[in-house]
Amino acid sequence: MEIKIGVQHTPREIVLESGQSAEEVESAIAEALSGTGKLLTLVDEHGRKILVPADRVAYVEIGQPTPRRVGFGAL
């Protein structure tokens, strides 16, 4: 699953591929933004943890990755 996180006062967004389900990601975001957690913590598909201060999160986009097309059919 592809996740994009916009961070305030930062020109680029954080993009990661995660093996977590959409429900797990959404609950982690809701917990961080509700004030119970100070960090938004997500794990990418390589096992790396991404920590973002909850008060700096501008937006989060959760979506399915689009499969790459290979060959002449990609045109």
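The values are calculated or read from the model by the stated rules, or taken from the named source; none is laboratory data. None of these values were measured; they are calculated from a predicted model. Each accessible area value is taken on the protein alone, full model and side chains, heavy atoms only, with ligands, DNA and RNA left out. Shrake-Rupley method; radii C 1.70, N 1.55, O 1.52, S 1.80 Å.
Tell me, what ³J(HN,Hα) does each residue in segment 20-34 have, in order and in whole Hz, if you take phi through Karplus 6.51 cos²θ - 1.76 cosθ + 1.60 with θ = phi - 60° and put x for Gly and Pro?
Once rounded to whole Hz, the list reads 6, 6, 5, 5, 5, 5, 5, 5, 5, 5, 4, 5, 5, 7, 6.
Just read off the accessible area of residue 62 with the full protein assembly in place, 1.4 Å probe, to the nearest 10 Å².
70 Å²
Calculate, for segment 1-74, the solvent-accessible area per residue in square angstrom, rolling a 1.4 angstrom probe over the heavy atoms of the protein chains.
73 Å²
For the chain, with all protein chains present and a 1.4 Å probe, just round the carbon and sulfur fraction of the accessible area to a whole percent.
52 percent
Give me a comma-separated list of calculated 3J(HN,Hα) values for segment 4-12, in order, Karplus coefficients 6.51, -1.76, 1.60 applied at θ = phi - 60°, integers in Hz, x for any Gly or Pro.
So the J values, rounded to whole Hz, are 10, 10, x, 10, 4, 6, 10, x, 10.
Here are some values of Rg/Rh (Cα atoms, Kirkwood Rh): [x] 1.06; [y] 0.92; [z] 1.14. Which one was computed from this structure?
The value matching this structure is [x].
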